[in-house]
Amino acid sequence: MFENLGPLWPQICKATWETVYMTLVSVLFATVIGLPMGVILVLTDRGHILESRLVNTVLGWFVNIGRSFPFIILMVAIIPFTRLVVGTFIGTTGAIPPLVVAAAPFVARMVETSLKEVDWGVIEAALSVGASAWQVVYKVLLPEALPGLVLGTTITTINVLGYTAMAGVVGGGGLGDLAVRYGFQRYMPDVMVVTVIILIVMVQVLQSLGDWLARKVNRR
Amino acid sequence: MITIENLTKIYNTPGGKIRAIDNLTLHVEKGQTFGVIGLSGAGKSSLVRCINMLEKPTAGKIFVDGQEITALRGPQLRAARRKIGMIFQHFNLLSSRTAFGNVAFPLEIAGVPKEKIKAKVTQLLEVVGLADKAHAYPAQLSGGQQQRVGIARALANDPKVLLCDEPTSALDPHTTRSILTLLKDINRSLGLTILLITHEMRVITEICDMVAVIEDGRIIEQGPVVEVFMHPRAATTRNFVSTVMNVEVPEAVQRRLATREDGERTQLLRLKFLGEAATRPAISSVVRECGVAINILAGNIDCLQDTPFGVLIVELIGDPPERRRALARLAATGLSIEVIEDV
């Protein structure tokens, strides 16, 4: 039953690496973009230290629009943008901009939710000793919300891992693409089983790592 | 040190406008421990938050150490806040930092160099008696210890004023006492002006020099604690005083008095004495000199900081002329006497 695995092993390894690469790079950039967006969403919220109805509403809409697209449609819809950013819209690299665009709003909402968990009294205490908005963000909000942010990032990463399966549409490669082309279209059940097992292991490892790290940074 | 002029704070809520503070004026002298007491919703929390502009006043002016806080914005306001320490009911420590890290926080905010921070934090933790807990996280500390960290944090930038927002309301009576003692020590040793808000009269009698009673956003009564305590005028004030000095005729005694046969010969009195008067043997001398008997039914003797203070309910027994003489004699010793008509 596992006769296909021998000859296809190099391709399985390559696809695994592509999945890891797409996931990690996308999460990295999605965090770089989504984290500030989440922070701004919190600070500009009603009653918060930089309350601004305009900024909050506009950014909120922007994030919601980003989250409305099914990934497969988003990927095709933003092809011009992808070409502009990375010079191509195909291949593993071509899959990264759409993954970032899909994940960044998710990260923004995740960050927003985590930061809103921080007790307002602690923010007041920081303000009462003369902290500026920026100091409140990086000395209070982010450190206090760290366990939640770690867990949120774990969820984001696992979500992005799921999205990468669709990257095959633009020739992005990865395990999902391998499973469709060989496991499904050429009817090689062994390839299908192996890719699924690898994905399961990846998700388990990511989740355990996230849980462990969140516990480690939690001082409550 | 703190002057509040015609302060008004109005909250716009979906249910309409709420006037939390209504044209309030208050003055706190340098070095005083000033207590503001009120029921929940009286506006005391808004009041203390306006002083360091955590809440923006709707109208009015606030001066701290001669500086008009209400006129400051941005960096100037942040600089002024460093000189106004604040402690909170729920301590509000950073859970991600150790005791040391929490006390270091205001110094980091002020841009103090690392070496100086270490020395200052070590000294402050010693002041509050937590030198051995420097590396403990708030979750590992008891409520009282957390409040001590809060106090050390509030003192980090050598403030001139310490605002206390219900500092002991989340603590048990024993811990409350130790925290209040610490605050009083700091008040005396550093000459720090303290403005404290609370709903507990005990806190006021324990450490405050001056008290103001707040109701519906207005100060309804204020003065030296001893004065207000002895002669409360407003009903709310009397209620607060009675929470620590609740001396009523016990029910068993009431029943006995209701069925007594020689009712004509007795009178119930509530005697209050304070300071000097408490040190004189007034009752025994009256008994000796006026030919009456005095039966003590209930009582409470306590100290308002260093001033002895007490309330006694007594039964004065004797014929009317002797009783009149005894009353006059008691009044002459400086006791405050109230004849209880109905038992």
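The values are calculated or read from the model by the stated rules, or taken from the named source; none is laboratory data. Quick caveat, the model's predicted, so the values are computed rather than measured. Cβ: placed from backbone, ideal geometry, glycine included. Neighbour counts: every protein chain shown. What goes into the accessible areas is simple: the full protein's heavy atoms, side chains included, and nothing from ligands, DNA or RNA. Shrake-Rupley method; radii C 1.70, N 1.55, O 1.52, S 1.80 Å.
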TODO: Please find, in a Gaussian network model of chain B (springs between Cα atoms separated by less than 10 Å), the residue of B:Asp65, B:Asp185, B:Asp319 whose mean-square fluctuation is greatest.
DONE: B:Asp319
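Just flag the trypsin sites (Lys or Arg not before Pro) in the range B:9-102 sitting in loop per DSSP whose Cβ has no more than 12 other Cβ atoms within 10 Å. Don't skip to the end; give the middle numbers.
Numbers: sites: B:Lys9, B:Lys17, B:Arg19, B:Lys30, B:Lys44, B:Arg49, B:Lys61, B:Arg73, B:Arg78, B:Arg81, B:Arg82, B:Lys83, B:Arg97; in loops: B:Lys30, B:Arg73, B:Arg82, B:Lys83, B:Arg97.
Answer in residue order: B:Lys30, B:Arg73.
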Task: GNM result for chain B, Cα springs below 10 Å: residue of B:Pro224, B:Pro320, B:Pro167 fluctuating most strongly - done: B:Pro320
Open item on the list: Compute a Gaussian network model of chain A, connecting alpha carbons closer than 10 Å, and tell me which residue from A:Pro97, A:Pro80, A:Pro105 fluctuates the most.
Closed with: A:Pro80
- [ ] Only Cα pairs under 8 Å and at least 6 apart count here; give the relative contact order of chain A as a rounded whole percent.
- [x] 28 percent
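Going through the range A:64-169, which GluC sites (Glu not before Pro) have at most 14 other Cβ atoms within 10 Å and a DSSP loop state?
Values: sites: A:Glu112, A:Glu117, A:Glu124, A:Glu144; in loops: A:Glu117.
Of the GluC sites (Glu not before Pro), the ones in loops of the range A:64-169 whose Cβ has at most 14 other Cβ atoms within 10 Å are A:Glu117.
Assuming R0 = 41 Å, can you tell me the calculated FRET efficiency for the pair B:Ala252 and B:Arg188, based on Cβ-Cβ distance, to the nearest 0.05?
Values: r = 44 Å, r/R0 = 1.07.
With a Förster radius of 41 Å, E is 0.40.
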Task: Listed residue (B:Pro250, B:Leu171, B:Ala59) projecting farthest to the positive dipole end of chain B, Cβ model - done: B:Ala59
- [ ] Find the relative contact order for chain B and round it to a whole percent, using C-alpha pairs within less than 8 Å whose residues are 6+ positions apart.
- [x] 17 percent
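Go ahead and run the numbers for FRET between B:Asp306 and A:Val32, Cβ-Cβ distance against an R0 of 56 Å, rounding to 0.05. Please report the intermediate quantities before stating the final value.
Numbers: r = 63 Å, r/R0 = 1.12.
According to the calculation, E is roughly 0.35.
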- [ ] Sort all Cα-Cα distances of chain B into consecutive 20 angstrom bins from zero, then give the percent of pairs in each bin up to the one containing the longest distance.
- [x] 27, 46, 23, 5, 0
Task: Cα point-scatterer Debye curve for the range B:251-342, base-10 log of I(q)/I(0) at q = 0.23, 0.24 Å⁻¹ - done: -1.20, -1.27
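For A:Gly38, what charge total do you get from the other residues with a beta carbon under 15 Å from its beta carbon, if Lys and Arg give +1 and Asp and Glu give -1?
Local net charge: -1.
Based solely on its DSSP helices, what 222 nm [θ] is calculated for chain A when runs of n ≥ 4 H residues each add -39,500 (n - 2.57) and the sum is averaged over all residues, nearest 500 deg cm²/dmol?
Values: 9 runs with 161 residues, N = 220.
Counting only the DSSP helices, I get -25000 deg cm²/dmol.
Loop only per DSSP, at most 15 neighbouring Cβ atoms within 10 Å: give me the trypsin sites (Lys or Arg not before Pro) in the range B:148-249, ordered by residue number.
Details: sites: B:Arg148, B:Arg153, B:Lys160, B:Arg177, B:Lys184, B:Arg188, B:Arg202, B:Arg218, B:Arg233, B:Arg238; in loops: B:Lys160, B:Arg233.
Passing both the DSSP loop test and the Cβ count: B:Arg233.
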TODO: Anything losing 10 Å² or more of accessible area from the isolated chain to the full protein assembly: pick those residues out of the range A:134-171, probe 1.4 Å, ligands and DNA/RNA ignored.
DONE: A:Gln135, A:Lys139, A:Val140, A:Pro143, A:Glu144
Open item on the list: Please report the projected area of the protein assembly as shown's Cα convex hull averaged over all directions, in nm².
Closed with: 37.8 nm²
Open item on the list: Rounding to the nearest 10 and keeping the result within 0 to 90°, find how far the Cα-based axis of helix B:99-109 lies from the longest principal axis of chain B.
Closed with: 60 degrees
Task: Given charges at Cβ of Lys, Arg, Asp, Glu: the range A:22-172 dipole, positive-most of A:Val100, A:Val58, A:Val137 - done: A:Val100
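Treating the beta-carbon of each Lys and Arg as +1 and of each Asp and Glu as -1, no other charges, what is the dipole magnitude of chain B about its Cα centre, to the nearest 20 debye?
On the way: 41 positive and 37 negative charges, 277 e Å.
Computed about the Cα centre, the dipole is about 1340 debye.
With r as the distance between the Cβ atoms of A:Arg67 and A:Gln11 and R0 = 30 Å, compute the FRET efficiency 1/(1 + (r/R0)^6) and round to 0.05. Each step should come with its number before you reach the end.
On the way: r = 34 Å, r/R0 = 1.12.
About 0.35, to the nearest 0.05.
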Open item on the list: Just to be sure I understand the model, the point goes 7 Å from the Cα along the line to the Cβ. What's the resulting A:Arg220 to B:His199 distance in nm?
Closed with: 2.6 nm
- [ ] Could you sort out which of B:Lys56/B:Lys133; B:Lys9/B:Lys120; B:Lys17/B:Lys56; A:Lys139/B:Lys30; B:Lys17/B:Lys160; A:Lys139/B:Lys120 sit more than 26 Å apart by Cα distance in this structure?
- [x] B:Lys56/B:Lys133; B:Lys9/B:Lys120; A:Lys139/B:Lys30; B:Lys17/B:Lys160
Open item on the list: List the residues of the range A:86-125 for which accessible area in the full set of protein chains is at least 30 Å² lower than for the chain on its own; 1.4 Å probe, protein heavy atoms only.
Closed with: A:Val122, A:Glu124, A:Ala125
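Are there any helices in chain A, counted as whole DSSP H runs, that stretch 18 Å or more along their axis by Cα and score at least -1.0 on average by Kyte-Doolittle, and if so which? Each step should come with its number before you reach the end.
Working: long enough: A:5-43 (55 Å, 1.39); A:53-68 (22 Å, 0.52); A:91-116 (38 Å, 0.85); A:142-164 (31 Å, 0.96); A:189-217 (42 Å, 1.42).
Result, helices passing both filters: A:5-43, A:53-68, A:91-116, A:142-164, A:189-217.
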Task: In the A-B interface, the accessible area buried, summed over both sides, Å² (probe 1.4 Å) - done: 1900 Å²
Task: Charged-residue dipole, Cβ positions (Lys, Arg, Asp, Glu), the protein assembly as shown about Cα centre, Debye nearest 20 - done: 1340 debye
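Suppose every K and R has +1 on its Cβ and every D and E has -1 on its Cβ; what is the size of the dipole of the range B:110-238 about the Cα centre, in Debye to the nearest 20?
Dipole size: approximately 440 debye.
What translational D, rounded to a whole number of µm²/s, comes out for the range A:69-220 from Stokes-Einstein when the hydrodynamic radius is the Kirkwood one over Cα pairs, at 4 °C and 1.567 mPa s?
Working: Rh = 17.9 Å.
My calculation gives 72 µm²/s for D.
Counting only heavy atoms of protein chains, what accessible area per residue, in Å², does the range A:22-172 have with a probe of 1.4 Å?
Details: 6650 Å² over 151 residues.
With all protein chains present, the range A:22-172 gives 44 Å² per residue.
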